[in-house]
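The values are calculated or read from the model by the stated rules, or taken from the named source; none is laboratory data. What you see is a predicted model, and the numbers here were worked out from it, not measured in a lab. Using ideal geometry, Cβ is built from the backbone for each residue, glycine included, and neighbour counts are taken over all protein chains shown. To get the accessible areas, we keep the full protein, side chains included, count just its heavy atoms, and leave off ligands, DNA and RNA. Shrake-Rupley method; radii C 1.70, N 1.55, O 1.52, S 1.80 Å.
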Amino acid sequence: MFGSSGSRVLNVINISYLQSRSKRVWVRKPLGSPMAKSKIFRITPKPVIPEDEKAEMKRLFDNYKNSMKSLRQYFFEQSLKQAESGEVAQMKHRLEDQEHERLMEENRLENEKTAMLREERLKIQAEKTQKNVLASLIKKEREAKQHEIQIEDFLTKQMSTPFIQPENIEKAIEDALANPVNFNFALDLDGYVYRGKETSIDMIPEEKRERLNSN
């Protein structure tokens with residue numbers, strides 16, 4: 001088709017490089033050309049990648065996948081928003097408003113129910129506290145009355161006890177001197193009392209001995 005001139009052009013393209021002003025200009029091999037004979041049986045060695053570099057490459061690739069997934073999801077949602085600009089979007093907004101109103105009403109009813117339960121609980125607690133306070137006051141009043149009764153009994157006993165009056169002090173001294181009282185006494189193993197400092201056991205008959213009261 002091209003003749004001799006076309007053959008010369010293909011031969012020029014098939015060379016490895018072209019000489020242009022004393023410089024080597026590499027020319028790409030045509031796409032339909034077969035593999036060079038010198039590279040047919042050549043097996044390219046698999047590159048050895050360090051483990052830390054593999055981990056870093058995996059991390060970067062995972063970040064890339066997540067970022068691209070997020071971008072795709074974002075663009076998809078934006079496209080949906082733009083597509084829902086008609087009647088469907090308005091219907092969706094109305095349904096969302098109705099759902100919001102329903103949830104607000106349900107929340108209001110639940111708040112009222114909770115408030116009623118709280119008021120009942122506080123009322124019961126207040127009644128219980130009032131009963132406890134009333135019982136405590138009654139108990140304290142009863143204890144105060146008993147204390148007053150005990151004080152009155154003590155004062156009555158004290159008033160009934162004969163005291164030496166100033167005008168009777170001389171007579172009381174004479175009576176004390178005339179009737180001396182000896183507070184010395186001894187006890188034996190049988191519980192008999194022997195009063196007096198110089199009292200002898202043999203001097204008191206057995207039937208006249210004073211026995212210590214166990215009460």
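Among the residues of the range 68-88, some residue qualifies, meaning at least one is on the phi < 0 side of the Ramachandran plot, outside any loop (DSSP other than H, G, I, E, B), open to solvent by 90 Å² or more (accessible area, probe 1.4 Å) and aliphatic (A, V, I, L, M). Among the residues of the range 168-200, the ones that are at pLDDT below 75 and among the small types (Gly, Ala, Ser) come to 2 in all.
Close contacts from the range 149-172, counting a first residue that is open to solvent by less than 100 Å² (accessible area, probe 1.4 Å) and a second that is β-branched (Val, Ile, Thr) and not in a helix (DSSP H, G or I), with Cβ to Cβ under 9 Å and a gap of 6+ residues or different chains, come to Ala172/Ile164.
Which ones in the range 29-57 are among the β-branched types (Val, Ile, Thr), over 60 Å from the mean Cα position of the chain (by Cα) and open to solvent by less than 100 Å² (accessible area, probe 1.4 Å)? Scanning the range 29-57 gives a single hit, Ile40.
For the range 179-192, the count of residues that are open to solvent by less than 100 Å² (accessible area, probe 1.4 Å) and β-branched (Val, Ile, Thr) is zero.
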